[in-house]
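Here the structure is laid out as structure tokens; the discussion comes afterwards.
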Amino acid sequence: MPGITVKDRESIDDAIRRFKRECERNGLIAELKRRDHFESPTVRKKKKMAEAARKKRRKEFKARTMDRKRVDSKSKAKRR
């Protein structure tokens with residue numbers, strides 16, 4: 001659980017803002033949202049599989065664009 005110490009002459013609003021930022025950094029808010037509703041194991045598995053597929057597509061896309069950039073830079077070098 002994140003905690004903060006209120007500094008001298010610090011307003012309550014500033015302290016609350018720092019506390020919220022600290023909770024966000026620690027992932028507490030995301031964890032609360034995730035646990036807000038029950039997810040069956042099959043739903044969890046589907047979400048995990050979808051996330052893995054999304055990461056794989058992104059990785060392949062980046063690899064393709066990097067290859068294309070390499071080819072473009074080689075062709076420019078040949079033209080010179």
For this session: Could you tell me whether the chain comes out rounded, prolate or oblate from its Cα gyration tensor? Rule is a ≥ b ≥ c as square roots of the eigenvalues, rounded for a/c under 1.5, then prolate if a/b exceeds b/c, otherwise oblate.
Result: oblate
Problem set entry | DSSP-loop GluC sites (Glu not before Pro) across segment 14-77, with at most 13 other Cβ within 10 angstrom | Glu39
Exercise. How about segment 1-59: which trypsin sites (Lys or Arg not before Pro) there lie in a loop by DSSP and see at most 10 other Cβ atoms within 10 Å?
Worked result: Lys7, Arg9
Exercise. Taking the Cα centre of the chain as origin and charging only Cβ (+1 Lys, Arg; -1 Asp, Glu), how large is the dipole, in debye to the nearest 20?
Worked result: 1360 debye
Seminar exercise, completed: Subtracting the Cα-Cα distance of Arg35 and Lys59 from 0.36 nm times their residue separation yields 5.7 nm
Problem set entry | Nearest-ten-degree value, helix 12-26 long axis tilted from longest Cα axis of the chain | 50 degrees
For this session: With everything on Cα atoms, drop me the angle between helix 41-79 and the longest principal axis of the chain, reported from 0 to 90° to the nearest 10.
Result: 40 degrees
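Laboratory data are not the source of any read-out in this text; all were calculated from the coordinates shown. Source: prediction; values computed, not measured. A quick note on method: Cβ atoms are made from the backbone with ideal geometry, for glycine too, and the neighbour counts reach across all protein chains shown.
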